[in-house]
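Single-structure report; data block below.
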Amino acid sequence: MDLRTNYLGFTLQNPIIVGSCGYTYSVKDVKSLVENGAAAIVLKSIFEEEILWEMESNLAQMQRPMTIYPEIYDFFDLETIEDSVTKYLNLISECKKEVDVPIIASVNCISSHEWVSFARRIEEAGADALELNIFIMPSDLNRTSQENEKMYFEIIDSVLSVAKIPVAVKLSYYFTNLASMIKQISERGVKGIVLFNRFFEPDFDLDTFTVVPTNVLSSPSDLGKSLRWIAIMSERVNCDLCASTGVHDGKAVIKQILAGAKAVQIASAIYRKGPKVIGEMLEEIKNWMNEKGFNSLDDFRGRMSQSRSLNPAAYERAQFMHYFSEKF
Ligand SMILES: Cc1cc2nc3c(=O)[nH]c(=O)nc-3n(C[C@H](O)[C@H](O)[C@H](O)COP(=O)(O)O)c2cc1C
């Protein structure tokens, strides 16, 4: 049974990548994930602000004026931010020494400023690829959707102009025309697009009157959004698509491959069941392939993408119409 797949130019032994999360922030955990079958690892994101902080400190030492966002002082604990760049580069090089799967560094970015030169240092530390986790909250009443989208293009173009390793972009679904945005990004030279990131959603604490995060981990019922969009876009883009959010078992991996994904990323499943879930998922995929007579992922990849479907409208149906008009 051949579970190999190509993603970002690498041949992965299977389609399961552990996505950026707390489990991909130490060499020990990364080793355990790989021992349990992970085919690649996306390291926990380093934040643009952390990179800028280091640059800012260097500038200050050279007695140059402070230029970079003041907000940095609000968001980060200055005790821990200090060494975060060095620690991140060490994490990359240590992981490369210890495991034999692609190590994908991740930067959480919101602008195309000076930090992009850091992409070079990520390469030098040995990262095989770079995932840009870009999210600009579309909440600014004075910014049009085109202006918002332009910010994404600027970040991607500036990173691509310095990076030699493959670059992937991890997106949210907060776009005015999601299909067009995914297509345009795929045409800029990125090797992969990850659909979708998951964010803290706000909830209210009714006793303290404060905003608190809720539903940090996904559940299997969260699969639908990425499944729909991988199926709609998979044969319409110039790069690999990787599915993220709601992949908790082997069946979900199979569905995403049927939709056309090259690979999937998992995070919440690891938090809920531990790294051994990867082996269980791989077993489930093999059993299903055996039952259906498939020898490789390419035997069924994209078979349920929208462009190969006899009923493409099924992927665009969004309103309930007459469905569920009965109470159940
Ligand atoms: C605790 C936690 C931390 C995360 N940290 C990051 C991060 O630093 N960068 C990032 O791109 N995604 C991060 N994610 C998002 C995951 O990589 C993933 O895209 C998301 O959780 C959806 O996948 P899942 O349904 O398998 O959890 C994090 C997720 C969790 C649960």
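Out of 150, 225, 164, I need the residue that is within 21 Å of residue 261 (Cβ to Cβ) and not small (Gly, Ala, Ser). Which one?
Result: 225 is the single residue among 150, 225, 164 that is within 21 Å of residue 261 (Cβ to Cβ) and not small (Gly, Ala, Ser).
For the stretch 184-191, check the following and say yes or no: at least one residue is touching a residue at least 60 places away in the same chain (Cβ under 8 Å), in contact with a Pro (Cβ under 9 Å, 6 or more places away or on another chain), within 21 Å of residue 106 (Cβ to Cβ) and surrounded by 13 or more Cβ atoms within 10 Å (Cβ to Cβ).
Scanning the stretch 184-191 turns up at least one residue that is touching a residue at least 60 places away in the same chain (Cβ under 8 Å), in contact with a Pro (Cβ under 9 Å, 6 or more places away or on another chain), within 21 Å of residue 106 (Cβ to Cβ) and surrounded by 13 or more Cβ atoms within 10 Å (Cβ to Cβ).
If we keep just the residues of the stretch 194-218 that are within 13 Å of the ligand (Cβ to nearest atom), at pLDDT below 95 and not aliphatic (A, V, I, L, M), which is surrounded by the most Cβ atoms within 10 Å (Cβ to Cβ)?
Ranking the qualifying residues of the stretch 194-218, first place goes to 198.
So, in the stretch 15-38, how many residues would count as being away from the ligand (no atom under 15 Å from the Cβ) and crowded, with 24+ Cβ neighbours inside 10 Å?
Number satisfying all stated conditions: 0.
Of everything in the stretch 264-294, what is small (Gly, Ala, Ser) and part of a loop (DSSP other than H, G, I, E, B)? Give them in sequence order.
267, 274, 293 - these are the residues of the stretch 264-294 that are small (Gly, Ala, Ser) and part of a loop (DSSP other than H, G, I, E, B).
Quick one: which residue in 174, 152 is in contact with a Pro (Cβ under 9 Å, 6 or more places away or on another chain) and among the hydroxyl-bearing types (Ser, Thr, Tyr)?
So the residue among 174, 152 that is in contact with a Pro (Cβ under 9 Å, 6 or more places away or on another chain) and among the hydroxyl-bearing types (Ser, Thr, Tyr) is 174.
Restricting the first residue to the stretch 238-252 and requiring it to be part of a loop (DSSP other than H, G, I, E, B), which pairs with a second residue that is more than 14 Å from the ligand (Cβ to nearest atom) meet a Cβ separation below 6 Å and a spacing of at least six or different chains?
Listed pairs, sorted by first residue: 238/186; 238/187; 239/186; 239/190; 239/191.
Going by the conditions given, is residue 261 among the aliphatic types (A, V, I, L, M) and part of a loop (DSSP other than H, G, I, E, B)?
On the way: among the aliphatic types (A, V, I, L, M): yes; part of a loop (DSSP other than H, G, I, E, B): yes.
The answer is yes for residue 261.
Filter the stretch 168-216 down to residues that are in contact with a Phe, Trp or Tyr (Cβ under 6 Å, 6 or more places away or on another chain), assigned to a loop (DSSP other than H, G, I, E, B) and either over 30 Å from residue 122 (Cα atoms) or not small (Gly, Ala, Ser) (or both), then give me how many there are.
Count: 2.
Please tell me if residue 165 is in a helix (DSSP H, G or I), of a type in the set (A, V, I, L, M, F, W, C) and at pLDDT 95 or above.
For residue 165, the condition - in a helix (DSSP H, G or I), of a type in the set (A, V, I, L, M, F, W, C) and at pLDDT 95 or above - is not met.
Can you name every residue in the stretch 221-231 that is more than 9 Å from the ligand (Cβ to nearest atom) and surrounded by fewer than 22 Cβ atoms within 10 Å (Cβ to Cβ)?
Residues satisfying the conditions are 221, 224, 225, 228.
What are the residues in the stretch 232-256 that are out of contact with any strand residue (DSSP E or B) (no Cβ under 6 Å at 6 or more places or on another chain) and either within 16 Å of the ligand (Cβ to nearest atom) or under 22 Å from residue 21 (Cβ atoms) (or both), if any?
245, 246, 248, 249, 250, 251, 252, 254, 255
Under 8 Å between Cβ atoms, at least 6 apart or on separate chains: pull out the pairs that start in the stretch 108-134 with a residue that is over 11 Å from residue 46 (Cβ atoms) and end on any residue that is part of a loop (DSSP other than H, G, I, E, B) and of a type in the set (Lys, Arg).
The qualifying pairs are 123/164; 129/191.
Of the residues that sit in the stretch 257-272 and are surrounded by fewer than 24 Cβ atoms within 10 Å (Cβ to Cβ) and more than 16 Å from the chain's Cα centre (by Cα), which one is nearest to the ligand (Cβ to nearest atom)?
Out of the qualifying residues, it is 271.
If a residue must be more than 16 Å from the ligand (Cβ to nearest atom) and under 13 Å from residue 110 (Cβ atoms), how many such residues does the stretch 128-138 contain? Quick ask: steps written out before the conclusion?
The first filter runs over the stretch 128-138 and keeps only residues more than 16 Å from the ligand (Cβ to nearest atom), leaving 128, 138.
Okay, now just the ones that are also under 13 Å from residue 110 (Cβ atoms), so 138.
Number satisfying all stated conditions: 1.
Residue under question is residue 172, and the condition is that it be within 14 Å of the ligand (Cβ to nearest atom), within 24 Å of residue 116 (Cα to Cα) and of a type in the set (Ser, Thr, Tyr); does it hold?
The answer is yes for residue 172.
The values are calculated or read from the model by the stated rules, or taken from the named source; none is laboratory data. In this text the structure is predicted, and so the values were computed from the model without any measurement. Backbone-built Cβ (ideal geometry, glycine too); neighbour counts: all protein chains shown.
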